[in-house]
Amino acid sequence: MTTDVSAAARPLVYAHRGSSGAFAEHTRAAYLQAIADGADGVECDVHLTRDQHVVLLHDSTLDRTSDGTGQVADRTLDELRLLDFSSWKGARVPEAYGAKSEQFLTLPELLAILRAAGRGIGLAIEFKHPSPFHLGLEDRVLEVLRGEGWDPATSMLESVRVSFMSFSPDAVKHLLESVPAEAVCQLVDDVNLADIREELGLGALTGGALANVMKAAQAEGERILDAAEAGIAGPGIGYVRAHPGTVERWLGSGRRFRVWTVDAAEDVERCRNLGIHEITTNWPAQVLSQLLADSQPLR
């Protein structure tokens, strides 16, 4: 049985890497646009530099989203500051959103942007694994947050509601040692061998071995959610479509849901009708405009 959502309720809308449909992902412009769009929260991915700064990037390499190349972990923050992280998108950045040299962000810089929003806002931090720093990535992020005034008991930093997520069950279990379960999200998605081989350029043998590791992680992630160890379930929209029974079971057991990446109108409606609590999208303005104007966010 699906959860009936009244017309007076809507999911919270999180901007995926900022308003990344409009501007280059993880940039100052993308996050300022997300705030302007009225997003209820924003999502970011984090990596560590060689000198242990927490920076906002999805990939472990620089090649896709900058004019640099190589591993993020091999560069210092000062070296990364010299790269262009916005031009690849081909979107003109308004002067009010900062110069090209100001688009690359550290976690403290994103926190400053969110604090300046003048309203309550969510921040969902995703830990990317495998990391050369292993679980030191999580430890360093929590250290930075504590230094900024984050309260572990409530997972609040002034008006910013902080939550944490990863596909890695080891990362999730590590986070649960010091973060309330309701602020920890176990991400899950189906493993597709063909997609893995194409994305990473792997042969059949290596791709198959990696797929087996990822399938084992997926199974453990599902177990964590079945056992209610993490308070937030984070399936991709494809997983929601493919596993309606699992989704309904987790919803029925009280798991909070954060579904990604929801851009299509029919998927927005699907999530609303299911009673999904949070949806992550590249286009927060469009998604918000689709949701009922007189609705109230699900809390």
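The values are calculated or read from the model by the stated rules, or taken from the named source; none is laboratory data. Computed from a predicted model, the values in this text were never measured in an experiment. Quick reminder, even Gly has a Cβ in these numbers, built from the backbone with ideal geometry, and neighbours come from all protein chains shown. For the accessible areas, the whole protein counts, side chains as well, though only heavy atoms, and no ligand, DNA or RNA atoms are used. Shrake-Rupley method; radii C 1.70, N 1.55, O 1.52, S 1.80 Å.
Summary table
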quantity	calculated
Segment 87-124 residues near the modelled Ala36 label - backbone nitrogen below 14 Å, point 7 Å along Cα→Cβ	91-99
Nonlocal amide H pairs with Arg161, under 5 Å, H built at 1.01 Å	Ile121, Gly122, Leu123
Per residue solvent-accessible surface (Å²) - segment 215-260, probe of 1.4 Å	38 Å²
Computed FRET value (nearest 0.05) for Glu143 with His243, which takes r as the C-beta separation and R₀ as 35 Å	0.45
Fraction of beta bridges assigned by DSSP in the chain that are antiparallel (%, nearest 5)	20 percent
Computed helical MRE - 222 nm, the chain, DSSP H runs ≥ 4 contributing -39500 (n - 2.57), nearest 500	-10500 deg cm²/dmol
Inter-site label distance for Ser159 and Arg115 at 7 Å from Cα along Cβ, in nm	1.3 nm
Within-9-Å neighbourhood charge of Ser155 [Cβ basis; K, R +1; D, E -1]	-1
DSSP H segments from the chain that extend 27 Å or more along their own axis, Cα-based, with Kyte-Doolittle mean of 0.0 or above	204-226
Fraction of accessible area attributable to carbon and sulfur, segment 75-152 (%, probe 1.4 Å)	52 percent
Lysine pairs with alpha-carbon atoms under 28 Å apart, the chain, spacing 8 or more or separate chains	6
Hz values of 3J(HN,Hα) by residue in segment 42-50 - Karplus curve (6.51, -1.76, 1.60), Gly and Pro given as x	10, 10, 9, 10, 10, 9, 10, 7, 4
Sorted peptide list for 137-144, 275-282, 24-31, 167-174, criterion being average Cβ within 10 angstrom, highest first	24-31, 275-282, 167-174, 137-144
Distant-in-sequence amide H partners of Leu105 (H built 1.01 Å from N, under 5 Å)	Leu56
Mean Cβ count within 10 Å, highest first, over the residues of peptides 12-18, 91-97	12-18, 91-97
In nm, spacing of pseudo-spin labels at Leu83 and Thr61 (7 Å Cα→C-beta vector)	1.1 nm
Accessible surface, segment 1-126, averaged per residue in Å² (probe 1.4 Å)	39 Å²
Of His243, His58, His129, the one that fluctuates the most in a GNM where the chain has Cα springs shorter than 10 Å	His243
Long-range HN-HN contacts of Ser19 with modeled amide H, under 5 Å	Tyr31, Gln33, Ala34
